[in-house]
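Student: Handing you a structure now.
Readers should treat all values here as calculations from the given coordinates under stated rules, not as data from a laboratory. Predicted, not measured: the structure shown is a model, and the values here were computed from it. Cβ atoms come from the backbone with ideal geometry, glycine included; neighbour counts cover every protein chain shown.
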Amino acid sequence: MRIAQEFARRLDLALTPSLRAVINASGVVLHTNLGRAPLPDFAIDHLREVSTGYSNLEFSLEDGSRGKRDVHIERLLQQILGCEAAIVVNNNAAAVLLVLNSLGEGGEVIASRGEQVEIGGSFRIPEVMSKSGARLCEVGTTNRTRIKDYEKAINDNTRLLLRVHPSNFRIIGFTERATLKQFAELGRRKNIPTFEDLGSGCLFDVREVGIHDEPVAGDSIRAGVDIICFSGDKLLGGPQAGIIAGKTLFVDKIRQNPLFRALRVDKLTIAALESILIAVLEGRVDEIPIWRMLRTSPEELRSRAEAFAKAAGAVARVIELKSLVGGGSAPDAELPSWGVVLRVEGLSETELEERLRSAEPPVIVRIEENQVILDLRTVSETEEKQLLEIVRRTGETQRG
């Protein structure tokens, strides 16, 4: 009997999806390990609409000819960024590789020594440069690189000037960096394409939520940078994607690269991304989950935390917190927040964390100063009701 039960349990486990929805109570808005930006309902609705049947993914409804899948995104980016052309690939790392290979292969790409960054998964700019077939020419120092450093390094083998936004770290103190205007002007004067990897993909000013040094993608286009790229699932709040935008001359060359077909996205990504861009264009930013989270006031979070703690009982008490943007975006930006500390008699903080992580749905918390903390900034109102029931059950089970 026990063998049959164990067999049934293992069979059930094998047939249960391992990718599951979780409640993110960590306070990290763009949590890379938890899938970064959650999609809004309107994006899921559009995704469902175009994926449960056929669609005009690569078909022109105007004249009945074969079309290009990027037109659905390009038309929106042209309006939002003011760019001439745009394409989409599966993530920003792919976008960087594709641009470097298309415009820099066989020659030198000049970049500041202080911008040779490494992001998650050991993705390093010098290594992707090597894979692209381009040779890296480092200029300046770790903390100071002037426009003259770029200009002195230009030679007959120079194919591209590269500028990288240090998304996941900051250098402060005795620093200097060439301005965007200087960077674009040097490229024009020397007739060398300029390329900026913007990383997080911010489409509008975000100082209102405490992020003060995140570049706006449209500013780079207006400054005259030839090609930019950025992520779709960070500050844009959409699906995983790498967006490449800029001048038609260079975008067309990138599109003709055989690597582009290998790195392109499917209709699901395009449908979700199209919905997000329309929302941005229409000014419906607060309907995008990450922006609703980022813009939630500390006062509202405090009120929610107090109500949650009262409903949860003796196991919870209110605490003032700091949330993080996460996802390699704004590493020094902390958002004032509120949540609760959980303490269940008879359970250590690691045991309580494990209980919550094993719940249905799993709850992801953070532990600080030997305390289990739930930050409500990253918990939706619907999830909050589920979370309250889980906390209650956890406390009651231990008492029982």
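Student: From the helices alone, meaning DSSP H stretches of at least four residues, give me the mean residue ellipticity at 222 nm for the chain, per-run term -39500 (n - 2.57), in deg cm²/dmol to the nearest 500.
Tutor: After summing the helix terms and dividing by the residues of the chain, the value is -12000 deg cm²/dmol.
Student: For region 214-230, just list the computed ³J(HN,Hα) in residue order, Karplus coefficients 6.51, -1.76 and 1.60, θ = phi - 60°, integers in Hz, with x standing in for Gly and Pro.
Tutor: 8, x, 8, 4, x, 5, 5, 5, 5, 6, x, 5, 6, 9, 10, 9, 6
Student: By count of other Cβ within 10 Å, fewest leading, how are 318, 372 ordered?
Tutor: Listed from fewest to most nearby Cβ atoms, that is 318, 372.
Student: Starting from the amide H of residue 27, placed 1.01 Å from N in the peptide plane, find each other amide H under 5 Å away whose residue is 5 or more places distant or on another chain.
Tutor: Here 375, 378 satisfy the definition.
Student: Take the residue pairs 152/253; 148/253; 181/253; 322/385; 131/234; 148/190 and return only those whose Cα atoms are more than 18 Å apart.
Tutor: Working: 152/253 27 Å; 148/253 29 Å; 181/253 24 Å; 322/385 22 Å; 131/234 25 Å; 148/190 13 Å.
Pairs exceeding the cut-off: 152/253; 148/253; 181/253; 322/385; 131/234.
Student: Quick one: 1, 129, 293, fewest Cβ neighbours within 10 Å first, how do they rank?
Tutor: Least to most surrounded, the residues fall as 1, 129, 293.
Student: In a Gaussian network model over the chain where Cα atoms closer than 10 Å are linked, find which of 14, 25, 134 has the largest mean-square fluctuation.
Tutor: 14
Student: Pairing the Cα long axis of helix 41-51 with the longest principal axis of the chain, what angle in degrees results, from 0 to 90 and rounded to the nearest 10?
Tutor: 70
Student: Quick one: if the Förster radius is 45 Å, what FRET efficiency do residue 389 and residue 281 give, using the C-beta to C-beta distance and rounding to 0.05?
Tutor: 0.70
Student: What is the calculated FRET efficiency for residue 56 to residue 105, with r their C-beta to C-beta distance and R₀ = 56 Å, to the nearest 0.05? All intermediate terms of the calculation are to be shown ahead of the outcome.
Tutor: Details: r = 34 Å, r/R0 = 0.61.
Efficiency, rounded to the nearest 0.05: 0.95.
Student: A follow-up question, please. Rounded to the nearest 5, what % of the DSSP beta bridges within region 41-285 are antiparallel ones? Show your work: numbers first, answer last.
Tutor: Working: 14 of 33 bridges.
Taking every DSSP beta bridge within region 41-285, about 40 percent pair in antiparallel fashion.
Student: Mind listing the long-range amide H neighbours of residue 317? Cut-off is under 5 Å, sequence gap 5 or more, other chains count too, H placed in the peptide plane at 1.01 Å from N.
Tutor: Excluding prolines and chain starts, which carry no amide H, the hits are 341.
Student: Along region 93-108, what does the Karplus equation 6.51 cos²θ - 1.76 cosθ + 1.60 (θ = phi - 60°) give for ³J(HN,Hα), rounded to whole Hz, x for Gly and Pro?
Tutor: Per-residue couplings from phi come out as 4, 5, 5, 4, 4, 5, 5, 4, 5, 6, 10, x, 4, x, x, 9 Hz.
Student: If each residue's Cβ is checked for other Cβ atoms within 10 Å, how do 108, 138, 354 rank with the fewest at the top?
Tutor: Exposure proxy ranking, most exposed first: 354, 138, 108.
Student: Okay, next question. What FRET efficiency, computed as 1/(1 + (r/R0)^6) with R0 = 56 Å and r the Cβ-Cβ distance, is obtained for residue 249 and residue 18, rounded to the nearest 0.05?
Tutor: Efficiency computed from Cβ-Cβ geometry: 0.80.
Student: Relative to the longest principal axis of the C-alpha atoms of the chain, give the angle of the C-alpha long axis of helix 2-14, reported between 0 and 90° and rounded to the nearest 10°.
Tutor: For 2-14 against the chain, the angle is about 30 degrees.
Student: Continuing with this model, one more query. Once phi is turned into ³J(HN,Hα) by the Karplus curve 6.51 cos²θ - 1.76 cosθ + 1.60 with θ = phi - 60°, what whole-Hz value does each residue of region 195-208 show in order, with x for glycine and proline?
Tutor: Values, residue by residue: 9, 10, 8, 8, x, 6, x, 8, 9, 7, 5, 10, 5, 4 Hz.
Student: Check residue 177: other-chain or 5+ apart residues with amide H under 5 Å from its amide H, H built from backbone geometry?
Tutor: 145
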